[in-house]
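Here is the structure we will look at.
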Amino acid sequence: MDYYKFLCPNKEGTYKFLSELYGSVAAVEEIDGIHLDYIRFPDVILAEGLWDKYGLVMDQEFPEYDYCYCDTCTSDFKEQTGIAIKEVEDASQVQEWKQFRYDIITTMVGRLAKVVHKEGKEINAAVFPGPSIAKKLVRQEWNKWDLDAVYPMNYNDFYLKNPEWVGTIVDEEVRAVEGLKPIYSGLFICPNPENKTQENDPENHGLLPSEIGTAIRASMENGATGICLFTPERMKPEHWEAFEKAIYVDYTKE
Ligand SMILES: [Zn+2]
């Protein structure tokens, strides 16, 4: 896939690059905080809604989408566990190897959080849902990350789920951080509501005006601190109308 390129998060140079960049941005007086995105490994499993688009069936891990097997990662892992991962027949079955990659990202976030906090600013991140899905697809064990807030991309259409599912996953997310950090439920908006049923590319799916209220209610009733629109430019007047109705409701349970 040419869509993106990744840096190995286990290289000191990657940390240096990110910490200098984020540190310098966080030092700017007017900046309130740093928001991390793509802080993950490439998708070892693609969300089910994207399989058709890329002509793939990713019902399990395949080696060609599994990272990172650079010398730094494989030798660090060998040192920690004694396992030579390149010699293992099916690396997807080695739990320690999954954990090793979760930990690399967790460590990176922790180090970046220190840099940002030192400037007296906040740090948060857009993550995959769960973290059950986040761990499985992109190795984000984000419940362990040192963040001030979490913005999970609860994009139900990517997982072929209905808007009610957003509530189910928010429930998991709030529990995963033991209610100690705000969860802002990230919603995905359908840019052309009238074409959704004929549209094959899930990038063009998302919540319809008739669904956005359900996704907001389900998020808030399950403990979200708020919701987040990553793609506000996709909102049609009908979306905004339904949105305004939904956000002023009192969702606190009696
Ligand atoms: Zn590596």
Within the set K53/K196; K98/K118; K144/K253; K53/K86, which residue pairs have Cα atoms separated by over 20 Å? K98/K118; K144/K253; K53/K86
For the chain, with only Lys/Arg (+1) and Asp/Glu (-1) charged at the beta-carbon, what is the dipole magnitude about the Cα centre, in debye rounded to 20? 460
Within 15 Å, Cβ to Cβ, of S92, how many net charges do the neighbouring residues add up to if Lys/Arg are +1 and Asp/Glu are -1? -3
For segment 83-149, what log10 I(q)/I(0) values come out of the Debye formula at q = 0.14, 0.16, 0.18 1/Å, with one point per alpha carbon and no solvent? -0.49, -0.60, -0.71
Cβ-Cβ FRET estimate between T252 and D201, R0 fixed at 30 Å, reported to 0.05: 0.20
Stretched out fully, how many nm does the piece from E12 to D32 gain, at 0.36 nm a residue minus the Cα gap? 4.5 nm
Ordered by packing density, taken as the mean number of other Cβ atoms within 10 Å over each peptide's residues, highest first, how do 149-157, 118-126, 179-187 rank? 149-157, 179-187, 118-126
Just tell me, in residue order, which DSSP H segments of the chain are both 18 angstrom or longer along the helix axis (alpha-carbon based) and at least -0.5 in mean Kyte-Doolittle hydropathy. 12-26, 95-118, 209-221
Got a sec? Which residues in segment 41-66 would a label at D90 touch, if it sits 7 Å along Cα→Cβ and we count backbone N under 19 Å? 44-46, 57-66
So what is the orientation-averaged projected area of the chain, using the convex hull of its C-alpha atoms, in nm²? 15.4
Can you give me the accessible area per residue for segment 200-254, using a 1.4 Å probe, in Å²? 57
With Cβ to Cβ distances under 15 Å as the rule, what net charge do the other residues near E48 carry (K, R +1; D, E -1)? -4
At R0 = 41 Å, how high is the FRET efficiency between K118 and E233 if r is their beta carbon distance? Nearest 0.05 is fine. 0.75
Rounded to the nearest 500, what is the chain's calculated 222 nm mean residue ellipticity when only DSSP H runs of at least 4 contribute -39500 (n - 2.57) each, over all residues? -12000 deg cm²/dmol
So, by mean Cβ neighbours within 10 angstrom, what's the order for 158-168, 90-100 with the highest one leading? 158-168, 90-100
DSSP beta bridges in segment 33-247: the antiparallel percent, rounded to 5, is 0
Please express the shape of segment 5-77 as an equivalent ellipsoid: the semi-axes are the square roots of 5 times the eigenvalues of the C-alpha gyration tensor, given largest first in whole angstrom. 31, 20, 7
Report the local net charge at T168: Lys and Arg +1, Asp and Glu -1, summed over other residues whose C-beta lies under 14 Å from its C-beta. -2
Ratio Rg/Rh, restricted to segment 153-254 and using Cα atoms, in which Rh is the Kirkwood radius: 0.97
Candidate residues W142, W240, W51: accessible-area rank, largest first, probe 1.4 Å: W240, W51, W142
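The values are calculated or read from the model by the stated rules, or taken from the named source; none is laboratory data. Note that this is a predicted model, so its numbers are computed, not measured. Ideal geometry is used to build each Cβ from the backbone, glycine not excepted, and the neighbour counts take in all protein chains shown. The area values use the complete protein model at the heavy-atom level, side chains included, leaving out ligands, DNA and RNA. Shrake-Rupley method; radii C 1.70, N 1.55, O 1.52, S 1.80 Å.
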